[in-house]
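What follows draws every value from the coordinates through simple rules; no lab data is involved. This one's a predicted model, so the numbers in the text were calculated from it and none came from an experiment. Every residue, glycine among them, receives a Cβ derived from its backbone with ideal geometry; neighbour counts consider all protein chains shown.
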Amino acid sequence: MAMHTSDTKSFYSVLCLLIVLVFAVLIGGIRTDAAVDENTVAVWLFEEGAGEVVKDASGNGHDGKFEGSPKWVKGKFGTGLEFPGNDGGYVVVDSTKKLELEELSIEAWVKVEEATGKWQGIVCKQQAGCGNRNYGIWVHVDQGVLHSEIGANGACGFSIDATTQITDDKWHHLAFTYDGKMGRAYVDGELEIEAPNGTSFQSADPITIGVPNLNNANGLKGIIEEIRISNVARTEDEIQEAMDVGLAAILSVEPGGKLTTRWGYLKRVQ
């Protein structure tokens, strides 16, 4: 039996409502079913889009404050921070015991505009030089690849260099892990190098984002969108998940309350 026009309209109205409700439940499920795990010590999503503070979405209070004038710009998925390639703009995060790590992972989405003939600092924990270095990732001065390092015996005793060129003005997901024995570097979700090391030390110096340390002209020339620091060495599967799904989705945090950003994450995994 055929439906009348009014019945047809009612049917499609109910159907549309059901689709909207299912979508809302799915979004809510992503937001509430997961949680920031105990190994995540800091997450910066860079979704504020304005102001001079970068919020730590982990709940651990590691908010970053502007030094100089990094610039809010369009990022890979939402908004990000553009750094000028010198000491004219970067972010400083005061240290806490949670950030003094002997096992760790650093993950970040980065778009490096070009090689500058400098050690471009991305995420680093040191006051100055190697003497107080805890950990960090850079753009290699000559090779234009991911350079990762931790302090060893009070010096720059351990470092590894990946192989993919990242100074190509394209987005790359970068990760460095250290489990107390082995350091590993990943580019775009793929393990590119690993090497053993047995000694590390901690420092209470601040984390700087966009430069190697305070007032250092070796700044990143490019954009950063997301950063996560963990107190364990993340697995390759975990790193690929963070790259593919997005930190806001897997850690159950709201990126500035922007539904469009979360919808962007959903579309990436379809």
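Straightening the chain between residue 97 and residue 141 buys 12.8 nm, computed as 0.36 nm per residue apart minus the Cα-Cα spacing.
Were the residues from residue 182 through residue 73 laid out at 0.36 nm apart, the gain over their Cα-Cα distance would be 35.6 nm.
Here region 150-219 and region 41-97 have alpha carbon centers that stand 19 Å from each other.
As a rough guide to protection, the peptides 84-90, 57-63 ranked by mean Cβ packing within 10 Å, highest first, stand as 84-90, 57-63. Sorted largest first, the principal axis extents computed over the alpha-carbon atoms of region 40-268 equal 47, 37, 35 Å. Relative protection proxy for 114-122, 69-77, 222-230, from highest mean packing down: 222-230, 114-122, 69-77 (other beta-carbon atoms within 10 angstrom).
Would you work out the relative contact order for region 40-268, in percent, from Cα pairs under 8 angstrom that are 6 or more residues apart?
27 percent
Just name one of 46, 99, 60: the one whose Cα is farthest towards the positive end of the charge dipole of region 44-168 (beta-carbon charges, Lys/Arg +1, Asp/Glu -1). My answer, from the dipole projection, is 60.
Averaging over all projection directions, the Cα-based convex hull of region 123-236 occupies 6.7 nm² in the image plane.
In this structure, the residue pairs whose Cα-Cα separation is over 26 Å, taken from 65/118; 55/97; 71/98; 98/170, are 71/98; 98/170. Cross-link partners for residue 111 among the aspartates and glutamates, with Cα-Cα distance under 14 Å and sequence neighbours closer than 8 places in the same chain left out: 82, 168, 169, 188, 225, 226.
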